[in-house]
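Student: Got a structure here, written out as structure tokens. Questions coming.
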Amino acid sequence: MEILIGLLIIAIGAFCQSSCYVPINKIKDWSWESYWVVQGVFAWLILPFLGAMLAVPSGHSFFELFAGYGFNVAMTMLFGVLWGVGGLTFGLSMR
């Protein structure tokens, strides 16, 4: 059962990753900076925060993670930024 849950999570992640290119035909007239800012605000700020809020059990705080696992959270954020830079350069190469 754990394998199926893992595969489901991977499938959801793959769908979410590929869906960021859906509006590419509608925004060809936009400058890449405008698309990058809109995509970045939703993909890197709003949706991950909402997903984390849904994952935190009731009675606990999202910010408890920083108290107990500060280094791990900081490294996760760093690699997230690096992932974003990679996504940005890939998006630029696609245009």
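Student: In region 17-73, what percent of the accessible surface is made up of carbon and sulfur (1.4 Å probe, ligands and nucleic acids excluded)? Walk me through the numbers before you get to the answer.
Tutor: Working: 3170 of 4540 Å².
Exposed carbon and sulfur together represent 70 percent of the surface.
Student: As a check on your grasp of the helix formula, calculate [θ] at 222 nm for the chain: sum -39500 (n - 2.57) over DSSP H runs of n ≥ 4, divide by the residue count, round to the nearest 500. Each step should come with its number before you reach the end.
Tutor: On the way: 5 runs with 66 residues, N = 95.
Calculated at 222 nm, the ellipticity per residue is -22000 deg cm²/dmol.
Student: Write down the accessible area per residue of the chain in Å², having rolled a 1.4 Å probe over the full set of protein chains. Walk me through the intermediate numbers first.
Tutor: Working: 7860 Å² over 95 residues.
With all protein chains present, the chain gives 83 Å² per residue.
Student: Which of the helices in the chain, when you take each full DSSP H run, stretch at least 24 Å along the axis at their Cα atoms and have an average Kyte-Doolittle score of -1.0 or higher? Show your work: numbers first, answer last.
Tutor: On the way: long enough: 2-19 (26 Å, 1.86); 70-94 (36 Å, 1.39).
Qualifying helices, which must be both long enough and hydrophobic enough, are 2-19, 70-94.
Student: Suppose R0 equals 41 Å; then what is the FRET efficiency for Phe63 and Ile27 from their Cβ-Cβ distance, rounded to the nearest 0.05?
Tutor: 0.70
Student: Now for a different question. Would you mind calculating the gained length between Leu45 and Ala14 on full extension (0.36 nm times residue separation, minus the Cα-Cα distance), in nm to one decimal?
Tutor: Gain on stretching Leu45 to Ala14: 9.3 nm.
The values are calculated or read from the model by the stated rules, or taken from the named source; none is laboratory data. From a predicted model like this one, the values you see are computed outputs, not experimental measurements. Heads up, the Cβs are rebuilt from the backbone with ideal geometry, glycines too, and the neighbour counts pull from every protein chain shown. The protein model used for the area step is the full one, side chains on, heavy atoms only, and it has no ligands, DNA or RNA in it. Shrake-Rupley method; radii C 1.70, N 1.55, O 1.52, S 1.80 Å.
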